[in-house]
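One structure below.
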Amino acid sequence: MRIADFALERFFARWEFAVRYLLCASDVEGYPMAELLALADPESRDLWERLRLGYAESTGHPLLRAEIASLYEGIGPDDVLVFAGAEEAIFCLSNVLLGPGDHAVVTWPGYQSLHEVGRAAGAMVTLHELREETGWDLDPERLIEALRPETRLVVVNAPHNPTGMLPTHEQWNRLTGELARRGIHLLADEVYRFLELDAADRLTAGADAFERGISLGVMSKSFAMAGLRIGWLATRDRDVLARCAAFKDYTTICSSAPSEILALIGLRAREAVLARSRTIIDANLRLLDRFFADHDDRFTWVRPRGGSIGYPRLLDDEPIDAFAARLVEREGVLLLPGSQLGQPGNYFRIGFGREDLPAALARLEAFLDG
Ligand SMILES: Cc1ncc(COP(=O)(O)O)c(C=O)c1O
């Protein structure tokens with residue numbers, strides 16, 4: 001298989017651990033291990049202490065799958081397959097569902113693997129472009145128009161990286177209803193689920209929406225535990241899950257045994273874990289709102305409806321790549337220019353899940369003043 005470089009991941013490989021302030025991180029500040037263990041219930045603490053470091057069950061630890069299933073309405077433990085992060089799940093599912101002669105529609109701009117793996121597998125991919133002038137809105141009618149007889153998969157990431165887009169319930173029902181009617185699979189990338197700014201906006205999970213709906217979840221973003229590398233697919237389509245399980249034999253075979261137990265602890269304590277994430281995000285978003293209001297002559301700002309990322313645009317004549325290069329050089333603050341997502345224009349990604357955002361923003365402010 002030949003596949004294009006993952007531009008964003010190459011960018012992070014260069015910068016992530018070399019800069020002082022990562023003002024474009026996609027995740028929430030990593031959960032402290034000691035605090036996580038302190039949340040363990042007696043059963044999971046016992047599992048942790050007695051853990052033997054052999055191979056784990058390839059579908060995922062049964063208790064972890066049960067805990068993941070409880071995140072959904074109509075999903076059981078056997079409707080869940082655990083992976084090494086969301087990334088492995090995207091890789092396996094795209095290869096299983098897409099090949100030469102197939103077609104997919106994927107929201108864009110976005111996380112590159114969501115469209116790149118399908119392309120590398122030989123499928124035609126239509127990008128469903130979100131546009132700033134319509135508030136980065138998903139347009140179900142335009143998306144449905146892009147469907148073809150050979151469309152096998154639609155991929156929607158919501159809450160969305162990088163715009164914070166979240167469809168309304170009406171938009172979501174329209175799309176999922178049409179896909180159900182046409183028998184097309186939906187990959188709902190819900191890695192930012194539970195970080196909706198208004199909980200009433202939380203959508204019906206893809207896996208609950210219809211039989212061919214597939215939810216993608218992960219410990220990395222809302223649950224603030226990217227280092228576990230635990231993700232999952234949930235769907236009532238057992239055939240797809242079985243084919244993904246067979247494909248996974250060529251990637252990781254099974255997940256990391258310690259990570260599975262830590263993920264179990266984190267999910268069982270999810271009220272506390274998510275409350276911490278929301279507290280960080282709420283405080284940071286208030287600062288960003290004020291920052292962008294104060295500098296509305298320099299930037300556009302469409303307020304995200306969920307997640308921990310926004311996608312403003314620099315209004316200066318200077319290209320965003322040059323601006324970001326000067327900023328990182330002078331202040332050690334990293335932004336992600338839209339060019340890394342393949343998008344022209346002066347857009348950039350800003351992340352607000354990290355605890356050092358106030359300090360990073362102060363540096364950006366000083367940079368603007370300077
Ligand atoms: C929308 C989206 N999907 C999937 C992933 C992959 O998640 P992970 O790195 O935990 O595998 C990311 C990571 O940034 C993401 O932003």
**Request:** Using label points projected 7 Å from each Cα along Cα→Cβ, tell me how many nm separate Glu43 and Leu127, to one decimal.
**Result:** 4.6
**Asked** Rule-of-thumb check for segment 39-88: C-alpha Rg over 2.2 N^0.38 Å?
**Response** 1.26
**Request:** In debye, nearest 20, what is the charge dipole magnitude of segment 164-271 about its Cα centre with +1 on Lys and Arg Cβ and -1 on Asp and Glu Cβ, if you could check?
**Result:** 260
**Message:** Restricting to Cα pairs below 8 Å that are 6+ residues apart, what does the relative contact order work out to for segment 93-153? Please round to a whole percent.
**Reply:** 43
**FRET efficiency, Glu178 to Thr252 (Cβ-Cβ, R0 45 Å, nearest 0.05)** = 0.85
**Prompt:** Mind checking the alpha-carbon convex hull of segment 1-73 and giving the volume per residue in Å³?
**Reply:** 230
**Request:** Quick one: grab Rg to one decimal and Dmax as a whole number for segment 305-370, Cα atoms only, in Å.
**Result:** 11.8, 32
**Prompt:** Over the alpha carbons of the chain, what is the largest minus smallest coordinate on each principal axis, giving the biggest first in Å?
**Reply:** 57, 53, 41
**Message:** Restricting to Cα pairs below 8 Å that are 6+ residues apart, what does the relative contact order work out to for the chain? Please round to a whole percent.
**Reply:** 25
**Message:** Let me check something: with ligands and nucleic acids excluded, how do Asp78, Asp369, Asp321 order by accessible area (1.4 Å probe), largest to smallest?
**Reply:** Asp369, Asp78, Asp321
**Fully extended contour minus Cα-Cα distance, from Leu368 to Ala66, at 0.36 nm per residue** = 103.7 nm
**Message:** Explain nothing, just compute: Karplus ³J(HN,Hα) = 6.51 cos²θ - 1.76 cosθ + 1.60, θ = phi - 60°, for every residue of segment 297-310 in order, whole Hz, x for Gly and Pro.
**Reply:** 7, 10, 9, 8, 8, 9, 5, x, 9, x, x, 10, 9, x
**Prompt:** Of all the C-alpha pairs in segment 61-200, what % are more than 20 Å from each other?
**Reply:** 49
**Item:** In nm, spacing of pseudo-spin labels at Ala200 and Ala146 (7 Å Cα→C-beta vector)
**Value:** 3.1
**Asked** How far, in nm, would the chain grow between Ala322 and Ala34 when pulled straight, counting 0.36 nm per residue and subtracting the alpha carbon separation?
**Response** 99.6 nm
**Prompt:** From the backbone phi of segment 123-137, what are the Karplus-calculated ³J(HN,Hα) couplings (6.51 cos²θ - 1.76 cosθ + 1.60, θ = phi - 60°) in whole Hz, Gly and Pro given as x?
**Reply:** 7, 7, 10, 9, 8, 8, 7, 8, 10, 4, 5, 10, x, 6, 4
**Request:** Output ³J(HN,Hα) for segment 40-52: one whole-Hz value per residue in order, computed from phi by the Karplus curve 6.51 cos²θ - 1.76 cosθ + 1.60 with θ = phi - 60°, and x for Gly and Pro.
**Result:** 5, 6, x, 5, 6, 5, 5, 4, 5, 6, 9, 4, 9
**Fill in**
Using alpha-carbon positions, the gyration tensor of segment 136-223 gives root eigenvalues a ≥ b ≥ c; with a/c under 1.5 called rounded, otherwise prolate if a/b exceeds b/c, else oblate, the class is prolate
**Message:** Given bins 5 angstrom wide, list per bin the percent of all Cα-Cα distances in segment 113-169, short to long.
**Reply:** 4, 16, 27, 24, 18, 9, 1
**Mean projected area (nm²) of the alpha-carbon convex hull when segment 75-129 is viewed from all directions** = 4.3
**Complete:** Each label sits 7 Å from Cα toward the beta-carbon; between Ala359 and Glu16 the label points are separated, in nm, by 2.0
**Request:** Provide the gained length on full extension for the span Asp297 to Glu271, in nm with one decimal, where the gain is 0.36 nm per separating residue minus the Cα-Cα distance.
**Result:** 5.4 nm
**Message:** Restricting to Cα pairs below 8 Å that are 6+ residues apart, what does the relative contact order work out to for segment 270-370? Please round to a whole percent.
**Reply:** 28
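The values are calculated or read from the model by the stated rules, or taken from the named source; none is laboratory data. Remember, it's a predicted structure, so these values are computed and weren't measured experimentally. Glycine also receives a Cβ, built like all others from the backbone with ideal geometry; neighbour counts cover every protein chain displayed. Surface accessibility is based on the protein's heavy atoms, side chains included, excluding ligands, DNA and RNA. Shrake-Rupley method; radii C 1.70, N 1.55, O 1.52, S 1.80 Å.
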